[in-house]
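One structure below.
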Amino acid sequence: MQFRILGPLEVRSAEGTVEIRGVKRRALLAALLLHPGQVVSVNRLVETLWEEAPRSAASNIRTYVADLRASLGALRVVSHSSGYLIRVEPGELDLLLFETLADKGRQAAKDGDAPAAAITLERAAGLWRGEPLAGMELGAWAQARITLLDDLRWGVLSSLVEAEMALGRYEELIVRLRRMLEERPLCERTWAQLMVALYHLGRKAEALVAFAQAREILTRELGLEPCPELREVQRGILAGRKALPWSSHHYTPPPSPATPPGRPLPHGVASGGASGAGGGASGDGGGGRRACHLSPVVAGLVGRAAELGEITGALTRPPGAPGGAAVVALSGSPGAGKTVLLLRAAHELAPRFADGRLDQVLCGSTAHPKPVSAVLAEFLCSLGVPPRRQPAGVEDRAALYRSLLAGRRVLIVLDDVEDGAQLRPLLPGPGACRVLAAGRTRLTSLDGVRPVRVGPLAEESAIELLGDLIGDDRADREPGEVRRIAAACAGLPLALWIAGTRLAVRPSWPLARLAERLADESVRLKELAIGELSVQAAFAASYAKLSPLARRVSWLAGSLPPEQPVVLPGSPDGVVAELVQANLLVPVEGGHRLDDLFRLYVRGRAETGEPPDRPHPGGRPPAVGAVVGSRGEADGDA
């Protein structure tokens with residue numbers, strides 16, 4: 001059962017929403033959930049439910065408790081001599097999950113692990129759906145608890161901002177910080193963070209305007225001048241200091257106009273050091289939720305030593321040397337762990353690129369990939385070219401971008417690339433710059449690209465990852481169940497991470513409980529979900545990108561036994577190549593096979609009665625099944 005109070009009250013079971021009828025019953029449940037696992041006295045409950053308590057208040061509460069037990073289970077609400085207590089298992093209540101993630105995120109920040117802090121705090125903040133218990137009338141005691149929770153949320157947001165600024169993700173923070181200031185316009189720390197973010201993007205004038213706005217609000221509302229911290233940031237911006245509070249260690253602020261090494265700049269353009277402030281994903285305007293983000297789906301990098309060595313080796317050798325390349329492109333199925341590998345490789349390569357790093361998430365797996373013109377605009381800002389001095393067209397921006405990178409040694413890191421057409425304008429010219437890209441599609445349309453396929457983890461690596469997530473002691477007690485869970489996840493890091501996290505937040509669960517659930521293929525994908533993260537959603541995004549014919553082929557292939565090869569003679573309309581390019585169809589002896597979990601996804605769509613897409617233009621669907629074909633034909637299609 002799931003209880004959600006970080007927003008309107010919601011209760012869900014495996015069968016769907018659980019209706020809690022009656023204002024008083026909902027208020028009673030809310031009061032108990034605000035203090036899970038703790039006895040709430042009858043007096044506190046009376047205070048929460050009534051402004052003026054009736055004589056029958058205690059008796060009414062007993063009736064409401066009985067009704068809650070009927071809806072939630074007889075053992076859910078426990079009676080004590082002084083009051084009542086609600087039992088919740090780990091992972092059942094969003095408040096407890098929020099507090100756990102907030103503690104882990106703050107500890108990661110304290111340990112200096114900014115990437116882990118940003119990931120964990122983002123997950124914590126994402127659990128909030130609005131004001132806690134919105135729309136409910138509760139007494140002063142409950143409202144005081146809600147106010148405290150809101151302060152905890154604000155603290156998580158502030159810590160998240162600090163972590164992301166330490167990573168140089170200034171561009172994506174602008175919208176977040178402005179929204180925070182709409183909520184709390186008197187928060188001087190947030191004003192200071194906004195100023196720093198704007199300054200790091202080369203928007204010095206806007207940063208100083210922000211200081212003026214903050215000063216006006218503070219003097220008007222409180223009759224106070226800005227605090228010393230805020231004034232210190234203003235002085236640092238005016239002085240052009242290299243170091244400001246919350247700065248990324250990669251950042252070098254734009255110097256005065258000069259000529260970069262190796263080549264003159266176009267007339268009227270200021271030069272700037274390449275920075276780590278290349279930004280992350282931009283917001284999509286959907287209520288503050290990001291369209292995409294550099295979000296690892298595993299707790300750490302496991303089983304990728306060979307791929308990591310291949311990446312770092314290729315990008316540290318000259319492109320003409322054996323094994324050397326100017327561009328390395330990772331590709332793999334949804335949830336293969338490409339981002340984690342990308343970030344680890346970028347971290348290991350960073351010391352070799354003296355002029356810094358440019359980062360971007362291109363949102364290629366979403367319905368709205370990031371326009372190349374917008375990416376170039378943000379890169380040019382990071383290189384010291386303000387928006388007003390940037391050319392309008394993609395080709396002109398790309399030419400200026402290449403000119404600014406000439407003679408420098410910059411690592412360009414691009415995640416979630418849609419295809420070669422999106423990547424091509426972002427490639428630098430010949431020289432010392434290198435590109436590390438990742439996406440779901442194999443980028444074989446570009447010359448000189450070193451492809452690295454990120455496949456499923458080997459069994460022992462999958463077991464190791466699960467052990468990292470649930471604890472080695474727990475894994476060692478039930479090694480057989482760990483192997484069953486790893487096998488059901490088919491070596492997919494996203495699936496393993498979800499399974500491990502579900503177990504980690506439920507320490508009382510025997511591993512066999514989840515193993516049994518995952519053994520049932522009809523519900524496996526439903527089980528491989530936690531919060532808004534799911535294997536099914538990951539595959540849905542890739543499925544939506546396929547052509548109608550490729551969807552039909554995958555839909556039909558999903559009905560075959562997993563051990564039976566899919567043979568498509570003649571590759572009608574390049575459908576085999578399309579599915580292989582998308583890393584959804586894998587060449588095997590005698591033909592191809594669908595990715596294991598993708599097979600369950602398309603089979604599920606078929607079982608829900610979804611009709612196949614448009615028939616093949618020739619009137620005959622592509623052959624699927626045990627059709628005679630050679631291994632050579634299969635590989636050729638790939």
Fill in: Verdict on residue 70 being out of contact with any Lys or Arg (no Cβ under 8 Å at 6 or more places or on another chain) and outside any helix (DSSP H, G or I)
no
Worksheet item: From the set of residues in segment 315-331 that are touching a Pro at 6+ places or on another chain (Cβ under 9 Å) and farther than 12 Å from residue 437 by Cα, which is modelled with the lowest pLDDT?
Response: 319
Fill in: Filter result for the condition that a residue is touching a Phe, Trp or Tyr at 6+ places or on another chain (Cβ under 7 Å) and free of Cβ contacts under 8 Å to residues at least 40 places away in the same chain, over 124, 144, 212
124
Fill in: Positions within segment 41-72 being among the aromatic types (Phe, Trp, Tyr) and surrounded by fewer than 18 Cβ atoms within 10 Å (Cβ to Cβ), in sequence order
50
Discussion item. Considering only residues that are more than 19 Å from residue 95 (Cα to Cα) and open to solvent by less than 60 Å² (accessible area, probe 1.4 Å), which ones fall in segment 499-518?
Written reply: 499, 500, 509, 511, 512, 514, 515, 518
Item to complete: Please state which one of 544, 537 is surrounded by fewer than 20 Cβ atoms within 10 Å (Cβ to Cβ), under 19 Å from residue 365 (Cβ atoms), under 16 Å from the mean Cα position of the chain (by Cα) and small (Gly, Ala, Ser).
Response: 537
Worksheet, complete the sentence: Within segment 332-363, the residues that are under 14 Å from the mean Cα position of the chain (by Cα), part of a loop (DSSP other than H, G, I, E, B) and more than 25 Å from residue 432 (Cβ to Cβ) are 334, 335, 336, 337, 363
Response to the item:
Taking segment 21-40 and the residues there that are in contact with a strand residue (DSSP E or B) (Cβ under 8 Å, 6 or more places away or on another chain) and open to solvent by 40 Å² or more (accessible area, probe 1.4 Å), the one that is farthest from residue 93 (Cα to Cα) would be 39
Discussion item. Just the residues that are in contact with a helix residue (DSSP H, G or I) (Cβ under 6 Å, 6 or more places away or on another chain) and closer than 17 Å to residue 22 by Cα, please, taken from segment 37-52.
Written reply: 45, 46, 48, 49
Item to complete: Could you tell me which numbered condition residue 558 fails, if it satisfies all but one of (1) farther than 26 Å from residue 94 by Cβ; (2) without any contact (Cβ under 8 Å) to a residue 24 or more places away in the chain; (3) open to solvent by less than 40 Å² (accessible area, probe 1.4 Å)?
Response: (2)
Discussion item. Filter segment 480-489 down to the residues that are in contact with a helix residue (DSSP H, G or I) (Cβ under 8 Å, 6 or more places away or on another chain) and surrounded by fewer than 22 Cβ atoms within 10 Å (Cβ to Cβ) and list them by number.
Written reply: 481, 483, 484, 487
Fill in: Residues that are free of Cβ contacts under 8 Å to residues at least 60 places away in the same chain and over 30 Å from residue 338 (Cα atoms), drawn from segment 355-408
387, 388, 390, 391, 392, 393, 396
Worksheet item: With respect to the numbered conditions (1) closer than 30 Å to residue 509 by Cα; (2) without any contact (Cβ under 8 Å) to a residue 12 or more places away in the chain; (3) of a type outside the set (Lys, Arg), which one is the sole condition not fulfilled by residue 468?
Response: (2)
Worksheet, complete the sentence: Quick count over segment 419-457, residues being open to solvent by 20 Å² or more (accessible area, probe 1.4 Å) and either over 25 Å from residue 306 (Cα atoms) or free of Cβ contacts under 8 Å to residues at least 12 places away in the same chain (or both), is 9
Discussion item. For segment 1-47, which positions are touching a residue at least 60 places away in the same chain (Cβ under 8 Å), part of a loop (DSSP other than H, G, I, E, B) and of a type in the set (Gly, Ala, Ser)?
Written reply: 7
Item to complete: Can you confirm whether segment 137-149 contains a residue that is β-branched (Val, Ile, Thr) and more than 30 Å from residue 374 (Cβ to Cβ)?
Response: yes
Fill in: Single match in 122, 89 (criterion: open to solvent by 30 Å² or more (accessible area, probe 1.4 Å) and assigned to a helix (DSSP H, G or I))
122
Worksheet item: In this structure, does residue 228 turn out to be open to solvent by 50 Å² or more (accessible area, probe 1.4 Å), at pLDDT below 85, farther than 28 Å from residue 415 by Cβ and of a type outside the set (D, E, K, R)?
Response: yes
Item to complete: Residues being touching a residue at least 60 places away in the same chain (Cβ under 8 Å), of a type outside the set (Gly, Ala, Ser), outside any helix (DSSP H, G or I) and farther than 17 Å from residue 493 by Cα: count how many of those fall in segment 504-548.
Response: 4
Item to complete: Just give me the residues in segment 114-167 being over 20 Å from residue 91 (Cα atoms) and of a type in the set (D, E, K, R), in sequence order.
Response: 131, 137, 145, 150, 151, 162, 164
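The values are calculated or read from the model by the stated rules, or taken from the named source; none is laboratory data. Quick caveat, the model's predicted, so the values are computed rather than measured. Cβ atoms come from the backbone with ideal geometry, glycine included; neighbour counts cover every protein chain shown. Accessible surface is based on the protein model in full, side chains and every heavy atom, while ligands, DNA and RNA are left aside. Shrake-Rupley method; radii C 1.70, N 1.55, O 1.52, S 1.80 Å.
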